[in-house]
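What follows is a set of notes on a single structure, which appears directly below.
Read-outs throughout are calculated quantities, based only on the coordinates presented, and are distinct from any laboratory measurement. Note that the structure is a prediction, hence the values are computed from the model and not measured. Backbone-built Cβ (ideal geometry, glycine too); neighbour counts: all protein chains shown.
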Amino acid sequence: MALISVKTIITSLSLFHITLAYFFYTNPNAIADQALVWVLGEAMGMSHTTAFATPSVPSSFLAIVLLLTGLSDLLTLSMPEEIWLIHYWGSQAPLRITLFASLSLFSFFSAPSHGRSGPGRMSHPLAPPSSAATPFATLTGADGLRNRVFFTFAFLEFLCWFWAWVTLKEEVGRFNSKKRRRGSSSSNGGFRG
């Protein structure tokens with residue numbers, strides 16, 4: 001039996017997204033200066049970014065995306081339990097785990113190590129430094145995903161969705177067994193001959 005229900009976990013994640021949306025819109029530097037971002041960034045050797053020093057158009061867009069994600073996730077919890085528990089989050093949780101695991105691995109392995117200007121961890125040894133502007137990096141915008149703020153966000157999302165998915169599997173099993181018991185008791189007690 002889970003200590004915290006999946007509904008509580010998803011509600012907390014939704015409120016976390018709404019809170020992040022507020023800070024990305026008003027003061028993104030408050031997120032970049034968080035102790036958890038600093039500790040994970042230092043532990044993983046991720047570089048510090050100054051892109052979140054002031055509110056900008058991308059941070060405002062990110063705020064709107066996080067706000068809509070948080071509100072829509074909260075709205076799904078108001079549907080009947082069978083719909084959100086089995087059908088919606090049963091497919092959304094593994095998808096989000098895969099997405100955020102891939103993003104955190106990409107961010108970690110493609111970012112240059114903190115304190116050195118050489119190529120990324122998984123790049124060819126003769127590759128040019130990542131600080132050199134290459135046409136491919138300019139076109140893809142991938143450099144914005146190679147910092148400690150993005151890594152921390154993707155890694156925490158991965159951990160939280162994995163926790164939600166494990167709890168979700170337990171609750172789906174309990175829900176199905178309760179549904180079978182209800183179905184068998186109504187079929188046995190409904191007929192008297």
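The table that follows gives values for the structure above.
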{"quantity": "Residue order, fewest to most surrounding Cβ atoms within 10 angstrom, among R180, R146", "calculated": "R180, R146"}
{"quantity": "Descending principal axes extents, region 46-108, alpha-carbon based, whole Å", "calculated": "45, 25, 12"}
{"quantity": "Whether region 8-122 is rounded, prolate or oblate, judged on the alpha carbon gyration tensor where a/c under 1.5 counts as rounded", "calculated": "oblate"}
{"quantity": "Order of H87, H17 - criterion: other Cβ atoms within 10 Å of each residue's Cβ, fewest first", "calculated": "H87, H17"}
{"quantity": "Candidate aspartates and glutamates for bridging to K169, where Cα separation is under 20 Å - those fewer than 8 sequence places away on the same chain excluded", "calculated": "D73, E81, E82, E157"}
{"quantity": "Order of E171, E81 under a 10 Å beta carbon neighbour criterion, fewest first", "calculated": "E81, E171"}
{"quantity": "Cα gyration tensor shape for region 1-60, rounded if a/c is under 1.5, else prolate or oblate", "calculated": "oblate"}
